[in-house]
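Visitor: Sending over a structure as structure tokens; questions will come in a sec.
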Amino acid sequence: MRRDRAVSPWQLRWRRFRAHRTGMGSLAVLLLLVLFVASAHPVAWWLAVDPYETDLLSQYAPPSAAHPLGTDDAGRDELVRLMLGGQISLLVGVLATAVGSVIGLTIGVISGYFGRRLDAVLMRFTDGMIALPLLPLLIVLGALDLTKLGFSAEFAHSAAAGFWRVVIIVALVDWTGIARLTRAATLSLKERDYVRSARASGGRPAYIMTAHILPNVATPLIVAVTLTVGRVILFESVLSFLGFGIVAPTPSWGNMLNNAQELVTTAPALAIYPGLLIFITVIAVNFLGDGLQHAFDPRSER
Amino acid sequence: MTRFILARCGQSALVLLVMSFVIYSLIGLMPGDPIDVMIASNPGATPEVVAHLRAIYGLDQPILLRYGHWLAAALRGDFGYSRTHAQPVLTVLLPALLQTCKLMLTSFVVSVVLAFALGVWASLKPGGVADSIISLFAFAGISVPVFWLALVLILVFAVTWHVLPASGIGTFGDGGVTDQLRHLILPVTTLALANIGSFTRFIRAAMIETMRMDHIRTARAKGAGERRVVLVHALRNAMIPVVTVIALSFGGLFSGALITETMFAQPGMGKMIYDAILGNDFNLALTGLLFATLVTLLGNLLADLAYGWLDPRIKL
Amino acid sequence: MSLVALDDIRVQFPAGRRTLTAVDGVSLDIGAGETLALAGESGSGKSTIGNVVAGLQRPTAGTMRFRGKPMDKATTRQAQRAIQIIFQDPFGALDPRMPVSSIIAEPLLIQRIGTAAERAERAADLAGQVGLPRDALNRYPHEFSGGQRQRIAIARALAPDPALVVADEPLSALDVSIQSQILNVLGALQRARGLAYLFISHDLAVVNHLADRVAVLYLGRLVEVAPRADLFGTPSHPYTMALLEAMPRIGRRHRRAAVIGGEMPSPLDPPPGCVFHTRCPKVREICRVEAPVLEPAPGRPGQRAACHFKE
């Protein structure tokens, strides 16, 4: 009881998380992956290669000192492409999750706190979303012509638009789980006595939501958000693979497998690398979620 | 019971209606439109001709009106013509639907059966060796990109070992059942592996949860054999949450089917929709998406009914 | 002038297609510096009245006045500062994500009183007054025992210098030894600050210990309101008598057999006439038909009871 130092609930959880071996292991793997993708530019400089310059004479070159993993179908350095593609894939994963979480959190808190008709409508909507076949819908969204939505042709075909389009459409289909979770947590939190005493002291809904509900929703949500990152990375990869996500020349782990049918016969290793990296990333993220779940388990919390 | 079923059917119909409008509007926002496609073969078309064509096809009308016309025709069973196949949409779509159902059902059964076996096994001794291995396998199943899994399977079994065909549904000139089954092995394996992970985790969690409940302990105390306790008492209770989750995964199963069919060149709904979107075949894409939604909704409906049947507390 | 005046308050909740009447026709005054206890069984509407006074529950009918003024916007704001509430469950009353200093200073933050430094100073000061250890301020609720959490909740309620604290069963979740400590804290604070308490409790021994006046509730209605000594010495309403009979008392060998049989009727479907008639030992024909008025008992001007046959 009497300790010299205050131990916040977060510190307690960190202690429990550290005891979870696979969780810690996957955290290490993820840090290594971040390091890997972050070293794209230094490595490109060191190898003196331009990852965007096509060189059809050195197509599918085997590994060498100049190209440690060989070259791809356009003669570009595979290793540096993998690093750059990883930057895009991870960034899409994090950003789309962030956008989706903000949507889900906002809708969930409002729905849970104010309840009634708004709540009923929002929950019907999320129920509907959950039951839909998402991938075909994502493909349609990925195929939309942005100029028909009033964007300039120049913007519609820029790399930035391609990137943000993926972030937004993936976020648009993957916020429902977070919304439901947030709503359920909000429903129980708003009846807690600390929320009621804040209301009795004159706390407005905006204050109560930000000061009491959001910080307490964060706990059950962190696990869900982590798992969302994994799912989003998979969504991005399959969309880019099918040609409706990140498009060349920008590499992503998904679109590096675009011409998989050709790769399988001519350069099988190139068909393995990007998918293996996606696999490792997502499995690490999921194990991280498992470790967090353990650390945040309400049953082990006092 | 009847009232419940009717209410749920009405709800599903409403979702389908809303989705049809959403998809209709989205399809209209895809690159090109039917007129562009038409005049592509006729570079001499003047703007007046284009405008005239638009008027004939009603493309100058507001979207709600066009949607109304489309809906009225669709309700009569007329979904228009497929541009790329030059056939009525339904003629193209129905065989594909059948093919997809074959793939989805087979892999669904395979994954559910295996997932139950693995999930129950893992739950017998949580934290044990079997549990750890099964959990690792389940995590891998959730985390693997399906298209890449297909790629690896093709690489191993078709390209390297030459033991299984890499694509298609039958060898040309060989209509035999064995041949057809051989073509199904890799697609079904891919799709089943993609679902088995999450199913196994749910079943394991539900089993561990039920084994802790009082009536299981009572059954044990009364001297029921362990096998009986697990298979009769625990499994029945664990089924309730599991059935819901598994049935809600129908949408995900369809997404998996799309990837699998594309990878293995299976002429199913998924590949059809994908090709239709790529080839600006609006009618086919629209109808395909709607049927995909319909299949998913039917799956969810069945889940609700199964739930009511399994859970004795719900007296319908 | 009374601090808070409730006039003919009714609170109803929708319950499916029916309506649950939690509180009906309750009129009460709370004077500055006094302790008014609300006593009654669970489901009698005690907490609902507490919620109305604390501004957490809008009455379906009837009015509340604060210092004589109706609850318009400005008065509500004053009341939000002058009326604070503490709850039964010391584990649910404190936000687990906030350090104790922020919890105590929260009402000041909400009402934008003082600077951050001044609020922190005030929180430290209050923590000392309720007897929290020095190092408590930077720690989190999960590190404290039930009694200490209740002290934190009290300190929080005192932060904006309120005139009235609604205490909703503040002792019932605590061990008996802790209960008396918290009672002493509450008593000392009242003497030092001239606080009024609306003390909600089902425990008549506690009520007898600290109340100035007592209001007894049954099925959402007031059945007796009287100064403490009168109510405990010469109860007027048969329900009050029954409650006192059921009270465990030192020196009595056996708790007397339950004087009132049966259970409290459902508030969804209250009996006609006097709500107590289904369990009353004195019941006569008139009780089933006509609801009695809350008025002084014969020869006892300060003691009001709602009974056709009050003593």
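What follows is calculated from the coordinates using simple rules that are stated; it is not laboratory data. Every value quoted in this text rests on a predicted model; they were computed, and no experiment measured them. Every residue, glycine as well, gets a Cβ built from its backbone with ideal geometry; the counts of neighbours run over all protein chains shown.
Visitor: Given the Cα-Cα distance of B:LEU65 and B:LEU105 and 0.36 nm per residue of separation, how much length would full extension add, in nm?
Guide: Result: 10.6 nm gained on full extension.
Visitor: Here's something else I'd like to know. For C:SER27, list long-range residues whose amide hydrogen, built 1.01 Å from N in the peptide plane, is under 5 Å from its own amide hydrogen.
Guide: When sequence neighbours closer than 5 places are left aside, the close amide H contacts are C:ASP8, C:ILE9.
Visitor: Going toward the positive end of the dipole of chain A, with +1 on Lys and Arg Cβ and -1 on Asp and Glu Cβ, which of A:LEU242, A:THR176, A:THR266 do you reach last?
Guide: A:THR176
Visitor: I want the local charge near A:LEU56. Using Cβ-Cβ distances under 13 Å, sum +1 for each Lys or Arg and -1 for each Asp or Glu among the other residues.
Guide: Working: positive: A:ARG76; negative: A:GLU53, A:ASP55, A:ASP72, A:ASP73.
It works out to a net charge of -3.
Visitor: Which ³J(HN,Hα) values, rounded to whole Hz and listed in residue order, are derived for the range B:70-75 from phi using the Karplus coefficients 6.51, -1.76 and 1.60 in 6.51 cos²θ - 1.76 cosθ + 1.60 with θ = phi - 60°, glycine and proline given as x?
Guide: So the J values, rounded to whole Hz, are 4, 5, 4, 5, 4, 5.
Visitor: Another question, then. Residue by residue through the range A:259-271, what is 3J(HN,Hα) from phi via Karplus (6.51 cos²θ - 1.76 cosθ + 1.60, θ = phi - 60°)? Round to whole Hz and write x for glycine and proline.
Guide: 9, 4, 4, 6, 4, 3, 8, 8, 9, x, 4, 5, 6
Visitor: Still on this structure: Taking the dipole about the Cα centre of the range C:59-120, with the C-beta of Lys and Arg at +1 and of Asp and Glu at -1, give me whichever of C:LEU94, C:THR76, C:ALA105 is farthest to the positive side.
Guide: Working it through, the farthest residue towards the positive pole turns out to be C:THR76.
Visitor: A further question on this structure: Give the Rg/Rh ratio for chain A, taking Rg as the radius of gyration of the Cα atoms and Rh as the Kirkwood radius, to two decimals.
Guide: Expressed as Rg/Rh, it is 1.05.
Visitor: Give the angle, between 0 and 90 degrees and rounded to the nearest 10, that separates the Cα long axis of helix A:214-242 from the longest principal axis of the Cα atoms of chain A.
Guide: Between helix and principal axis, roughly 20 degrees.
Visitor: Mind ranking A:57-68, A:105-116, C:44-55 by how tightly packed they are, going by the mean number of other C-beta atoms within 10 angstrom, highest first?
Guide: Ranking, from highest mean packing down: C:44-55, A:105-116, A:57-68.
Visitor: Pairing the Cα long axis of helix A:21-38 with the longest principal axis of chain A, what angle in degrees results, from 0 to 90 and rounded to the nearest 10?
Guide: Orientation of helix A:21-38: about 50 degrees from the principal axis.
Visitor: Could you work out the local net charge near C:THR75, counting Lys and Arg as +1, Asp and Glu as -1, over the other residues with Cβ closer than 9 Å to its Cβ? Can you show the working numbers first?
Guide: On the way: positive: C:ARG65, C:ARG67, C:LYS69, C:LYS73, C:ARG77; negative: C:ASP72.
After counting each charged neighbour, the total is +4.
Visitor: Still on this structure, I have one more. How big is the Rg/Rh ratio for the range C:1-55, C-alpha atoms only, Rh by Kirkwood, two decimals?
Guide: Details: Rg = 12.6 Å, Rh = 12.3 Å.
Rg/Rh for the range C:1-55 comes to 1.02.
Visitor: While we're here: When we measure straight from the Cα of C:LYS69, which aspartates and glutamates land under 13 angstrom away, once same-chain ones fewer than 8 places off are left out?
Guide: Filter leaves C:ASP7.
Visitor: Could you give the C-alpha radius of gyration of chain C expressed as a fraction of 2.2 N^0.38 Å, taking N as the number of residues it contains?
Guide: Computed over Cα atoms of chain C, the ratio equals 1.04.
Visitor: Then there's this: Among the lysines, which fall within straight-line cross-link reach of C:LYS282, defined as a Cα-Cα distance under 23 Å, with same-chain neighbours fewer than 8 residues apart omitted?
Guide: Partners found: C:LYS310.
Visitor: Cross-link partners among lysines for B:LYS271, C-alpha distance below 21 Å, same-chain residues fewer than 8 apart left out?
Guide: Cross-link targets: B:LYS102.
Visitor: Springs between alpha-carbon atoms under 10 Å, Gaussian network over chain A: tell me which of A:LEU221, A:LEU27, A:LEU35 tops the mean-square fluctuations.
Guide: Taking springs between Cα atoms under 10 Å, the residue moving most is A:LEU35.
Visitor: Please list the equivalent ellipsoid semi-axes of the range A:130-225, computed as the square roots of five times the alpha-carbon gyration tensor eigenvalues, in descending order and whole angstrom. All intermediate terms of the calculation are to be shown ahead of the outcome.
Guide: Details: eigenvalues 302, 55, 22 Å².
Ellipsoid semi-axes (Å, largest first): 39, 17, 10.
Visitor: So what are the three principal axis dimensions of the range A:1-111 from its Cα atoms, in whole Å, longest to shortest?
Guide: For the range A:1-111, the Cα extents along the three principal axes come out at 70, 39, 22 Å.
Visitor: On average, how many beta carbons from a partner chain sit within 10 Å of the beta carbon of a residue in B:248-261?
Guide: For this peptide, the per-residue mean of nearby foreign Cβ atoms is 4.
Visitor: Give me the one-decimal nm value for the distance between modelled label points at B:ILE56 and B:ILE5, 7 Å along each residue's Cα-to-Cβ direction.
Guide: Roughly 4.9 nm, to one decimal.
Visitor: How much FRET efficiency would the formula 1/(1 + (r/R0)^6) give for C:GLN12 and C:HIS142, where r is the Cβ-Cβ distance and R0 is 51 Å, rounded to 0.05? Walk me through the intermediate numbers first.
Guide: Working: r = 38 Å, r/R0 = 0.74.
About 0.85, to the nearest 0.05.
Visitor: Name the most mobile residue of A:VAL229, A:VAL166, A:VAL99, meaning the one with the largest mean-square fluctuation, in a Gaussian network model of chain A with Cα contacts below 10 Å.
Guide: Maximum fluctuation in the GNM of chain A, among the listed residues, is at A:VAL99.
Visitor: Please identify, among C:ARG81, C:ARG228, C:ARG97, the residue showing maximal mean-square fluctuation in a Gaussian network model of chain C using a 10 angstrom Cα cutoff.
Guide: C:ARG97
Visitor: While we're looking at this one, here's another question. Apply the Karplus curve 6.51 cos²θ - 1.76 cosθ + 1.60, θ = phi - 60°, to the phi angles in the range A:54-67 and return the couplings in whole Hz, x for Gly and Pro.
Guide: 7, 9, 5, 6, 10, 4, 6, 5, x, x, 8, 4, 6, 10
Visitor: Something else now. Between A:LEU118 and C:SER266, what FRET efficiency comes out of the Förster formula 1/(1 + (r/R0)^6) with R0 = 25 Å and r the beta carbon distance, rounded to 0.05?
Guide: 0.20
Visitor: Tell me the net charge near A:ALA44. Cut-off is 13 Å between Cβ atoms, A:ALA44 excluded, with +1 for each Lys or Arg and -1 for each Asp or Glu. Mind showing how you got there, number by number?
Guide: Details: positive: A:ARG76, A:ARG81; negative: A:ASP50, A:GLU53, A:ASP77, A:GLU78.
Taking every Cβ under 13 Å from that of A:ALA44, the sum is -2.
Visitor: Based on DSSP, what percent of beta bridges with both residues in the protein assembly as shown are antiparallel, to the nearest 5?
Guide: 65
Visitor: Right, here's the next one. In degrees between 0 and 90, to the nearest 10, how far off the longest principal axis of chain B does helix B:89-124 point, with axes built from Cα atoms?
Guide: 20
Visitor: Okay, next question. Can you give the calculated 222 nm mean residue ellipticity of chain B, where each DSSP H run of n ≥ 4 adds -39,500 (n - 2.57) and the sum is split over every residue, rounded to the nearest 500 deg cm²/dmol?
Guide: Rounded to the nearest 500, it is -24000 deg cm²/dmol.
Visitor: What spacing in nm lies between the two simple spin-label points modelled at A:THR106 and B:ALA86, each 7 Å away from Cα in the Cβ direction?
Guide: Here the answer is 5.0 nm between the modelled labels.
Visitor: Long-range amide H contacts for C:ALA32: which residues qualify at under 5 Å (H placed 1.01 Å from N, peptide plane, sequence gap of 5 or more or a different chain)?
Guide: Excluding prolines and chain starts, which carry no amide H, the hits are C:LEU3.
Visitor: Report, largest value first, the span of the C-alpha coordinates of the protein assembly as shown along each principal axis, in whole Å.
Guide: Over the protein assembly as shown, Cα extents along the principal axes are 111, 73, 66 Å.
Visitor: Report the FRET efficiency, 1/(1 + (r/R0)^6), for B:LEU231 and A:LEU172, where r is their Cβ-Cβ distance and R0 is 60 Å, rounded to 0.05. Before the final figure, lay out each step's value.
Guide: Working: r = 43 Å, r/R0 = 0.72.
Result of the calculation: an efficiency of 0.85.
Visitor: Please compute the volume of the convex hull spanned by the alpha-carbon atoms of the range B:90-139 and report it per residue in Å³.
Guide: 68
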